[in-house]
Structures are given as structure tokens and as C-alpha cells.
Amino acid sequence: MDKQQLTLLDSRLQQEIAQPLPKVVIDDPPEPEGIAMSKKPFAILQGLYTIIRMPTEERLTVRFENLSKDNFERIVAIAEAYMKDVDYKYRVKTNRGRSWRGTGIRIAEVSERTVRFSPFPSSTLNMFKTLRKLRSDAYHRHCIVLERQEEHTFQNNINILPYANAPDFVLELREMNKMIDEANQKIEEFQQSPEWENLCRTLEPYGVSDYLRSQKWTVEHCALITTEIALETATVKQHIEDEYRKMFTEIDEEKAKALEAVHEEFEKGQRSIAQQALESLQREMAELVKRVVSASKRKPERVKADLERLRRKVVSIGLDALEPIVNQLIQVFDNPEKTLELFGTQNLEQAIDSRVKGLIDSL
């Protein structure tokens, strides 16, 4: 909704309520000098807030609690010998196996003795590490990753998936779940192995074999948790104002000030998110610039594909002001001699960094 429409809306509302409200004027951010800006709002930041929930190693871990001192020591010895034997027999590559410190945790207290370990081979457990890497790669390849969302010592990234990248993102999620299906088949087959049966039989005197045999060890699929977002300042502010007016037929001066304060805080938050989105893209572009410069040496077809993916990302997410920069970078990739013409310098990395910083400053 533009300024003229807001003014007309205020005029109609002022006739219905006792006291007139101060008009809320929504100004577009200033256009930085030397940078071609889109005529659309600078940062819509539309897309899908996305999380991939995935299983962890805990899913394939047994935990025996409240053991007597003797049983605790005996189970520890059995588990250490068992894991060493299983890792050697089911190794995929030559490796050092797993140490007790890395795989099992001893807890020996006055009132509690606990043994925790995974009865499955390390070659199967490595799936979880691979899945986490695949998830991180998918986030950074297809999403705008807003980092440093910290609360105390906990850091949580916000991943905004552009609409245009959603199909490829879901295909990668399905590949992750295919890996889990393959791992589940190996888990099922391992439970029929002599090693598994021997472990269950060895642990029978300690009352834990029934758990091993009865537990359902299947690993669940990764799950996509997503919801649509649209952080366009004028639209959201108008929704807030419209809903507020529905609830209160009379708006006194104090409530009017509160409504203005909501608008101000929303604008601050929107600018902060837009800045983080630009900083995320700035890091991604910096890496791509290095690859563009050395494209003739390092898989140029992959660099070209990543440049096109970046272009789709900035357009779909609503950061249209970055598209001209990406397009010029693509032109330089196709013809390096155009660097000076398009960027005014041969230092491509510095030129792009300066332009993106100009956009950030304009916020």
C-alpha cells in the first residue's frame, strides 16, 4: 500500500473515531549513489522458513543404568571388546576404529552407574555425520542462511528457502532419506548377524539382553519443517495497524504512541534481517568470486551453475538490488576482459565487496 492509499485510509478512519491518529508514513530506503536499485521495495525477503529435522546417534544407542559395581565393570569390558571386534569386521575403509571415550560414556557415581554405547558398527553410525554435512550443504546451497541468532551460548541459524529453490531442496532431502533407508536395511541385516546374537547372549546374565532384542532400531526419516514468510515492511505494518483498529474502536493518545512504537520496532527488526541476509550473500559471493577468477582451473561448469543458482536465490528471496551485481559477475565469468568495463577495476573481489557494503549501508 503506497503513501496516497495510507493517507486516504487515515482520512476515512478519522471520521469514525473520536480522536485523529497521527499518520504513519512509510518511506522507501534511500537509493545509494552509484548502485542501480530496483523500483520495487528494497527487501521483501519472501520465501520459506525451513528446518530439516533429522535423527541423531542417540537413536542407535543403548543405555544401561543403575548397575551394581561388578556388573558395571563387566559390561564395560564386554562392550569395549565387542565394539573393537565389530568395527574391524564391518569396516568400510582402513580406520582406527572407535575408542571408548568417543563412543561410550561411563558415569560412576555413588548412587548410579551407567553404561552407554552403540551396538552397531561405526560404518553404520557414520551415516549421521554424513547426513549433518549434507543438511548443512543444502542450507548454504539453496537458502539464505541468517547466522548468529544467539541466545546465551546457543546459536541457531535461520534458513530462508527461496521459492525458486524449493524443488531442488526437496530432492536433496529425498536423497538423505534414501541414505537412511539403506542404513535401516544394514541395521536389520546386522541384527541377524552372529556378532549381534553373541552380544545378546553374553549380556543375558546382566538382565539387558531383552532390551537389545525387543527394541525397534529403525531410524526415522529426515522431516522438513517449513512455513511461509514475507517480511515486506509496508504490508506487515499495515496488517498490524488494521488488526489493532479492529480490536479497539477508540484509540487514545497512549495507544496511538504504542502503535507507532510497534511500527518502529518492526522496521528495526526488518532492517536487521535484511542486513543479515545481505551479509550472508556477501560471504557466498566472496567465495564465488575466488572461483570465478580461477574458473579455468577448477570445474568451470560447476562455477557457472552456482552463479545461476545465486542469481535465482537473490531474485526469489526479494533482494532484487543484488541481481545486477550477480549478472555482471556472470558476464565476467564468460568474458574476464569485461572486468574493468563492468566494475571499474580489475580487483573484482574488492569491487563486489564495496557494492554489497553500499547496499547494507543504505538500510
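The values are calculated or read from the model by the stated rules, or taken from the named source; none is laboratory data. Computed from a predicted model, the values in this text were never measured in an experiment. Note: ideal-geometry Cβ built from the backbone for every residue, glycine included; neighbour counts use all protein chains shown.
Of note:
- Scanning the range 51-98 for residues that are within 26 Å of LEU134 (Cβ to Cβ), more than 30 Å from the chain's Cα centre (by Cα) and at pLDDT below 85 gives ARG91, VAL92, LYS93, THR94, ASN95, ARG96, GLY97.
- PRO41 modelled with pLDDT of 75 or more, part of a loop (DSSP other than H, G, I, E, B) and on the phi < 0 side of the Ramachandran plot: no
- Residue that is farthest from the chain's Cα centre (by Cα) [pool: residues in the range 210-232 that are among the β-branched types (Val, Ile, Thr) and closer than 27 Å to TRP196 by Cα]: THR218
- Residues in the range 324-363 that are among the basic types (Lys, Arg) and more than 25 Å from ARG271 (Cβ to Cβ): LYS338 alone.
- Under the condition of being under 18 Å from SER209 (Cβ atoms) and touching a Lys or Arg at 6+ places or on another chain (Cβ under 9 Å), the residues counted in the range 80-94 number 1.
- Per-region count, the range 302-329, residues of a type in the set (A, V, I, L, M, F, W, C) and in contact with a Phe, Trp or Tyr (Cβ under 7 Å, 6 or more places away or on another chain): 3
- Residue selected from the range 333-363 under the condition under 24 Å from ASN165 (Cα atoms) and more than 26 Å from the chain's Cα centre (by Cα), by the criterion surrounded by the fewest Cβ atoms within 10 Å (Cβ to Cβ): ASP334
- Enumerated helices (runs of 4 or more DSSP H) restricted to the range 259-348, each holding at least 3 residues that are of a type outside the set (Gly, Ala, Ser) and closer than 23 Å to VAL145 by Cβ: 300-317, 323-334
- Subset tally (residues that are touching a strand residue (DSSP E or B) at 6+ places or on another chain (Cβ under 7 Å) and under 15 Å from LYS313 (Cα atoms)) for the range 157-185: 7
- Contacts under 6 angstrom Cβ, first residue in the range 303-327 being without any contact (Cβ under 8 Å) to a residue 24 or more places away in the chain, partner basic (Lys, Arg) and crowded, with 22+ Cβ neighbours inside 10 Å, 6 or more apart: none
- Test: residue in the range 159-179 that is out of contact with any Leu (no Cβ under 8 Å at 6 or more places or on another chain), at pLDDT 95 or above and under 30 Å from VAL86 (Cβ atoms): yes
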